[in-house]
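One structure below.
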Amino acid sequence: MKLLPSLLSVVVLFGASGITASYAQKNEPAVIYEAFHSIQYLPLYVGIDQGIFAKHGVDVKLMTAGSGSQGVAAVIGGHSDFSLQDPMTAVLAYLKGAPITTIGMVVSGVPVWVIAPPKNNIKSVEDLQKKTVSTAMPPSTSTYLFQQLIKDKAIPDVGLTTVQIGTELSPLSVGRADAAAVYEPQVSQGLASGNEVVYGFNDKYKGDFMFSTINTLKSTITDKPEMVKNFIAGLAEAESVVHNSPDIARQVAIKEFPTLDPKVVTDAVNRLSANNIYAVNPYISEAAFNNALSVQEYIGNIKPGQVTYADVVDNIYQK
């Protein structure tokens, strides 16, 4: 009889351990491939760093693909549950027969600016006539947007120097370009070096552009509905943190990009937030889809009427 309390203690201990283990096992694993490690993808990093996805029952493993097409290929090939990149990369895959869909917004504005040094006397895009602009090597939305802008405004004789994405400032710094069309953090780096903003593409779209999204296979939604729903719920909370707790957003960004000057990172996050680049929530509006689609139709990647919002967008998050 003296052994009974000890025996009960063992039973209770194992029982509690079983409950704890069972609780921990509720978290489902999820792999996501990002196109690049980009400050534009900050809501994803906040969700991971702050344990938000885990709180929603998903253990997220982040991988960097090296390009949007490789991220989408990882999803199609079954190596990843989700991808994060330019959604039109997934739309083009869909048009080739891939059963892939778009389920959540991460970047809802256009984080592209044209910058130039004051000495070049470029105060507006009209001043780019007979000038050379450094842009990312296609395929790149920044380059396509710039080409569309020049055509829409009928500005003649604008030369392009295309370079690897993320190195657009190099031709500008050595005088091989008069201006550059760049993403963050290159914008903040350029401004820190004395350049000025000539044009901001988000001024046209007002934060309503399907720029970077979460994509997945349609079968993943069917086979893992709770995991998908919980992942998007975690993303929604992370996006809320980015908007409502800017100190946390900046701290995570500085941690994610340790090789950059913290001031540059801070300035970049502040600029992206002020311009409504980060999505307020994962919902994808039809207007945002159409704005992104129009660019692809302009460059000829997609023909008018070839694809619709209903074909490729599945809003897991409902406003």
- Filter result (buried (at least 21 other Cβ atoms within 10 Å of the Cβ) and not in a strand (DSSP E or B)) within the stretch 272-291: LEU272, ILE277, ALA279, PRO282, ILE284, ALA288, PHE289
- Task: Would you mention how many residues in the stretch 32-55 are under 9 Å from the mean Cα position of the chain (by Cα) and either under 18 Å from LYS229 (Cβ atoms) or free of Cβ contacts under 8 Å to residues at least 12 places away in the same chain (or both)?
- Result: 2
- Task: Taking the options VAL174, VAL197, VAL242, VAL264, name whichever one is surrounded by 23 or more Cβ atoms within 10 Å (Cβ to Cβ) and aliphatic (A, V, I, L, M).
- Result: VAL242
- Query: LYS96: over 30 Å from ASN27 (Cβ atoms), of a type in the set (Lys, Arg) and not assigned by TED's automatic domain parsing to the domain that holds ALA179, yes or no?
  - Reply: yes
- Query: Does ILE248 count as over 16 Å from the mean Cα position of the chain (by Cα) and within 24 Å of LYS61 (Cα to Cα)?
  - Reply: yes
- Message: I'd like to verify a number: residues in the stretch 52-64 that are under 22 Å from ILE39 (Cα atoms), in contact with a helix residue (DSSP H, G or I) (Cβ under 8 Å, 6 or more places away or on another chain) and either among the β-branched types (Val, Ile, Thr) or at pLDDT below 95 (or both), how many?
- Response: 2
- Which condition breaks for ASP208 when tested against (1) surrounded by fewer than 21 Cβ atoms within 10 Å (Cβ to Cβ); (2) acidic (Asp, Glu); (3) assigned to a helix (DSSP H, G or I); (4) out of contact with any Lys or Arg (no Cβ under 9 Å at 6 or more places or on another chain)? (3)
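Residues ALA279, ALA310, ALA288, ALA238: which one is under 28 Å from THR222 (Cα atoms) and without any contact (Cβ under 8 Å) to a residue 12 or more places away in the chain?
ALA310
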- Taking the condition of a type outside the set (S, T, N, Q), more than 24 Å from PHE289 (Cα to Cα) and surrounded by fewer than 18 Cβ atoms within 10 Å (Cβ to Cβ), does PRO138 pass? no
- Item | Within the stretch 111-135, considering residues that are in contact with a Pro (Cβ under 9 Å, 6 or more places away or on another chain) and surrounded by fewer than 20 Cβ atoms within 10 Å (Cβ to Cβ), the one farthest from PRO87 (Cα to Cα) | LYS130
- Quick one: what pairs do we get from the stretch 213-229, first residue closer than 16 Å to VAL72 by Cα, second assigned to a helix (DSSP H, G or I) and of a type outside the set (Val, Ile, Thr), C-beta under 6 Å, 6+ apart or different chains? THR213/PRO87; ASN215/ALA90
- Query: Here are some conditions: (1) within 30 Å of LYS119 (Cα to Cα); (2) surrounded by fewer than 18 Cβ atoms within 10 Å (Cβ to Cβ); (3) at pLDDT 95 or above; (4) among the acidic types (Asp, Glu). ASP223 meets all but one. Which one does it not meet?
  - Reply: (1)
- With respect to LYS131, is the statement that it is charged (D, E, K, R) and modelled with pLDDT of 95 or more true? yes
- Quick one: which of ALA136, ALA98, ALA93, ALA116 is of a type in the set (A, V, I, L, M, F, W, C) and farther than 26 Å from ILE39 by Cα? ALA98
- Output yes when any residue across the stretch 263-276 is within 30 Å of GLY77 (Cβ to Cβ) and either in contact with a Ser or Thr (Cβ under 6 Å, 6 or more places away or on another chain) or not assigned by TED's automatic domain parsing to the domain that holds TYR183 (or both), and no when none is. no
- Note on the structure: ALA180 meets each of (1) crowded, with 18+ Cβ neighbours inside 10 Å; (2) over 18 Å from the mean Cα position of the chain (by Cα); (3) assigned to a helix (DSSP H, G or I) with one exception, condition (3)
- Task: Mind listing whichever residues of the stretch 300-319 are hydrophobic (A, V, I, L, M, F, W, C) and surrounded by 16 or more Cβ atoms within 10 Å (Cβ to Cβ)?
- Result: ILE302, VAL307, VAL312, VAL313, ILE316
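From the set of residues in the stretch 211-245 that are assigned to a strand (DSSP E or B) and within 16 Å of the chain's Cα centre (by Cα), which is farthest from PRO29 (Cα to Cα)?
So in the stretch 211-245, the residues assigned to a strand (DSSP E or B) come out as 212-217.
Narrowing the set further to residues that are within 16 Å of the chain's Cα centre (by Cα) leaves 212-216.
Values: SER212: 22, THR213: 20, ILE214: 16, ASN215: 16, THR216: 15 Å.
Per the stated criteria, the residue is SER212.
The values are calculated or read from the model by the stated rules, or taken from the named source; none is laboratory data. Nothing here was measured: the structure is a model prediction, and the numbers come from that model. All Cβ positions, glycine included, derive from the backbone under ideal geometry; neighbour counts span all protein chains shown.
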